[in-house]
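The values are calculated or read from the model by the stated rules, or taken from the named source; none is laboratory data. Fair warning: this is a prediction, and the values are worked out from it, not measured in the lab. Every residue, glycine as well, gets a Cβ built from its backbone with ideal geometry; the counts of neighbours run over all protein chains shown. Keep in mind that these areas ignore ligands, DNA and RNA; they rest on the heavy atoms of the full protein, side chains included. Shrake-Rupley method; radii C 1.70, N 1.55, O 1.52, S 1.80 Å.
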Amino acid sequence: MRYGKEIKYGLHVIFHPFDGFWDLVHEKRGSLAAAHTFLILFLLTRVLKLMLTSFQFISVPIQYINVFEQMASLALPFLILCLANWTMTTLFDGKGRFRDIYMAMCYALVPYILIQSVMILVSNMITYEEGSFYSVILGISVIWCAFLVFVGLMQVHDYSPGKTLIFMVVTVVGAMVILFLVLVFFSLLSDAAAYFISIYREIIYRLY
């Protein structure tokens, strides 16, 4: 019953974001279980959108879609953004823990899940000429999510609107730096592995 209430609370958050996000973190109205659920639903909605949206509005070769690759391409940047926001705000009096940031950003995905899942069905019921309506609704879902992320981070860290906006930009830059360092690390790791493998093969070749 508690889990159901925490899921249902997502509807309260998207329509009453200021007090919703405050209570989400400070009054313990949300949970990691509900946050995980919203993130998984977000990833599933994205995959279903690629696979089931009418060919009039999206053209993706279904036979080449890798479900796990599509999910990872969204989940990894999402987690990196959470990590970047936590690392940057910790240095500048941010009050939010990584857990709080993650929960707020997951709850902010609810409009995307609700609207985009419905629009998958709608896309198969309307004509190409009505595509402008379809595009506007999709745009609203994304803008709504962005607004909720803004309010959620503001409430989590107890920042002013201006400071929150600045740190959202800083978060994106920080995420790019983290991603760059991760890519460099794996590139060096790959080169090191190739070097030791070549030495091993050379030794085997000379011995046998």
A correct Karplus calculation of ³J(HN,Hα) over the range 74-89, with 6.51 cos²θ - 1.76 cosθ + 1.60, θ = phi - 60°, whole Hz and x for Gly and Pro, returns 9, 5, 5, x, 4, 5, 5, 5, 4, 5, 5, 5, 5, 5, 6, 6
Where nothing but the Cβ of Lys and Arg (+1) and of Asp and Glu (-1) is charged, how large is the charge dipole of the chain around its Cα centre, in debye to the nearest 20? 420
Each residue of the range 119-124 in turn: what ³J(HN,Hα) in whole Hz from Karplus with 6.51, -1.76, 1.60 and θ = phi - 60°, glycine and Pro shown as x? 5, 4, 5, 4, 4, 8
If you take the square roots of the eigenvalues of the alpha-carbon gyration tensor of the range 64-172 and sort them as a ≥ b ≥ c, do you get rounded (a/c under 1.5), prolate (a/b over b/c) or oblate? prolate
Straight-line reach from Lys95: which lysines have a Cα under 25 Å away, not including same-chain ones fewer than 8 places off? Lys28, Lys163
Send over a whole-number figure in Å² for the accessible area per residue of the range 76-186, probe 1.4 Å. 53
Expected sort for 105-113, 76-84 on mean C-beta neighbours within 10 Å, highest first, is 105-113, 76-84
With all protein chains present, how much of the accessible area of the range 51-208 (probe radius 1.4 Å) comes from carbon and sulfur, to the nearest whole percent? 74
Rounded to whole Å, give me the distance from the Cα center of the range 1-42 to that of the range 52-123. 16
If we restrict to alpha carbons, what Rg and Dmax does the range 7-75 come to, in Å? 16.0, 46
What percent does the relative contact order of the chain come to when contacts are Cα pairs within less than 8 Å and at least six residues apart? 28
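On average, how much area does the Cα convex hull of the chain cover when viewed from any direction, in nm²? Present the calculation step by step, with values, prior to reporting the outcome.
Details: hull surface 67.2 nm².
Orientation-averaged projected area of the Cα hull: 16.8 nm².
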Where does each of 129-136, 11-18 land if you order them by average Cβ count within 10 Å, highest first? 11-18, 129-136
Whether the range 117-191 is rounded, prolate or oblate, judged on the alpha carbon gyration tensor where a/c under 1.5 counts as rounded: oblate
Quote the relative contact order of the range 99-208 in percent (integer), defining contacts as alpha-carbon pairs under 8 Å separated by 6+ residues. 29
